[in-house]
Amino acid sequence: MFFSKKKQHEIDMSRLPEHIGIIMDGNGRWAKRRGLPRSAGHSAGAESLKKIITEANNIGIKYITVYAFSTENWKRPKDEVDYLMSLLLDYLRNAEKTLSGENVVIRAIGSREGLSEEICKQIDKTEKFTSKNTGIVMNIALNYGGREEIASAARSACADVQSGKISVDDIDDKLFSEYLYTKNQPDVDLLIRTSGEQRLSNFMLWQVSYAEMWFTNKLWPDFKPADLHKAIIDFQNRGRRFGGV
Ligand code: FPP
């Protein structure tokens with residue numbers, strides 16, 4: 001375990017959130033404050049991400065989903081989109097070795113439509129390379145939109161009804177979950193968003209139904225392992241009732 005001893009005492013290891021979602025926001029503002037191009041903010045964000053994944057894995061978190069590129073992010077200027085895509089490609093390539101060495105399972109969730117062949121191939125390669133690992137499962141939400149995910153799940157469920165595989169009456173929330181990108185994964189327990197914004201922005205709409213939300217004014221490149229500890233400790237101090245009393 002590499003996380004600080006002090007925090008080790010404060011985090012209750014028997015009540016860890018199983019699945020953490022992170023909306024990594026504020027890269028652009030981080031760069032602007034330093035008079036740097038937005039791309040520098042995204043690079044710094046990617047560095048921050050590596051440290052947080054390592055820490056979450058060391059703590060013993062089972063699943064983490066990070067919002068890397070939304071279905072709406074295509075509206076950004078072409079050079080920024082291209083930069084984010086090249087960063088993602090690099091990240092996946094390097095993760096194959098470094099994060100795999102840390103036993104991380106990497107998965108990309110989202111639509112493949114519009115992604116380059118190069119990225120799609122790299123996703124397949126990285127997913128395959130890390131699939132036998134047994135550490136934290138890291139979902140990279142890439143070309144991801146919560147509504148798109150639900151619509152795509154509905155299409156697949158309808159196709160299964162049409163082919164007679166399931167009947168309409170079989171569809172309940174448990175079965176429907178099996179059509180989502182996060183099939184076989186637990187719901188998000190703790191949702192973190194940086195940069196002071198307090199919105200879901202089309203992130204994991206189904207999976208965050210009972211998530212505890214945790215917001216910080218820190219910009220994503222400034223988010224440190226100590227902030228992750230703080231979010232987990234706050235999570236453990238909340239009373240979760242799931243609609244009960
Ligand atoms: C939001 O900041 C961040 C993004 C749209 C992209 C997130 C990407 C990274 C953290 C780095 C790359 C990720 C991987 C997996 C390699 P913003 O640009 O909206 O910031 P702003 O609101 O301050 O402009």
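Nothing in this text is a laboratory measurement; each read-out follows from the coordinates by a stated rule. Quick caveat: nothing in here was measured; it's all calculated off a predicted structure. All Cβ positions, even for glycine, are placed from backbone atoms using ideal geometry, and neighbour counts span all protein chains on display.
Work out which chymotrypsin sites (Phe, Trp or Tyr not before Pro) in the chain are exposed loop sites (DSSP not H, G, I, E or B, at most 14 other Cβ within 10 Å) and give the longest gap free of them.
Details: sites that count: PHE2, TYR210, PHE242.
Value returned for the longest uninterrupted segment is 3-209.
For all pairs of alpha-carbon atoms in the chain, what percent lies in each bin of width 5 Å, listed from the first bin to the last filled one?
Going out from 0 Å in 5 Å bins, the chain shows 1, 6, 13, 17, 19, 18, 13, 7, 4, 2, 0, 0 percent.
Only Cα pairs within less than 10 Å get springs; with that Gaussian network setup on the chain, which residue of LYS97, LYS62, LYS174 has the largest fluctuation?
Residue with maximal mean-square fluctuation among LYS97, LYS62, LYS174: LYS174.
Give the separation of the Cα centroids, region 54-130 to region 182-228, in Å.
Spelled out, the Cα-based centre of one part sits 17 Å from the other.
Work through the residues other than ILE52 whose Cβ is under 13 Å from its Cβ and net out their charges, Lys, Arg +1 and Asp, Glu -1.
0
Report the number of Lys pairs in region 127-194 whose alpha-carbons are under 19 Å apart, with separation of 8 or more residues or on distinct chains.
Lysine pairs, 8 or more places apart or on different chains, close enough: 5.
Taking Cα pairs under 8 Å and at least six residues apart, what relative contact order does the chain come out at, in percent?
28 percent
Using DSSP to define loop residues, name the trypsin sites (Lys or Arg not before Pro) in region 184-245 whose beta-carbon has at most 14 other beta-carbon atoms within 10 Å.
Filter output for region 184-245: ARG199, ARG238, ARG240, ARG241.
I'd like the GluC sites (Glu not before Pro) in region 60-150 restricted to DSSP loop residues with at most 13 other Cβ atoms within 10 Å, sorted by number. Please list the in-between numbers first.
Working: sites: GLU72, GLU80, GLU96, GLU102, GLU113, GLU117, GLU118, GLU127, GLU148, GLU149; in loops: GLU72, GLU102, GLU113.
Passing sites in region 60-150 are GLU72, GLU113.
For the chain, what does the helix formula give at 222 nm: sum of -39500 (n - 2.57) over DSSP H segments with n ≥ 4, over the residue count, nearest 500 deg cm²/dmol?
Value at 222 nm, helices only: -14000 deg cm²/dmol.
Using 0.36 nm per residue, how much length does the chain from ARG15 to TRP74 gain when fully extended, once their Cα-Cα distance is taken away?
17.4 nm
Defining a contact as two alpha carbons under 8 Å apart and six or more residues distant in sequence, what relative contact order in percent does region 175-245 show?
It comes to 31 percent, rounded to a whole number.
Within 12 Å, Cβ to Cβ, of ARG238, how many net charges do the neighbouring residues add up to if Lys/Arg are +1 and Asp/Glu are -1?
Working: positive: ARG15, ARG240, ARG241; negative: ASP189, GLU212, ASP234.
Net charge in that neighbourhood comes out at 0.
Working out 0.36 nm times the residue gap between ASN184 and ARG33, then minus their Cα-Cα distance, what length gain in nm do you get to one decimal?
Working: separation 151, 0.36 × 151 = 54.36 nm, distance 4.13 nm.
So the chain would gain 50.2 nm between ASN184 and ARG33.
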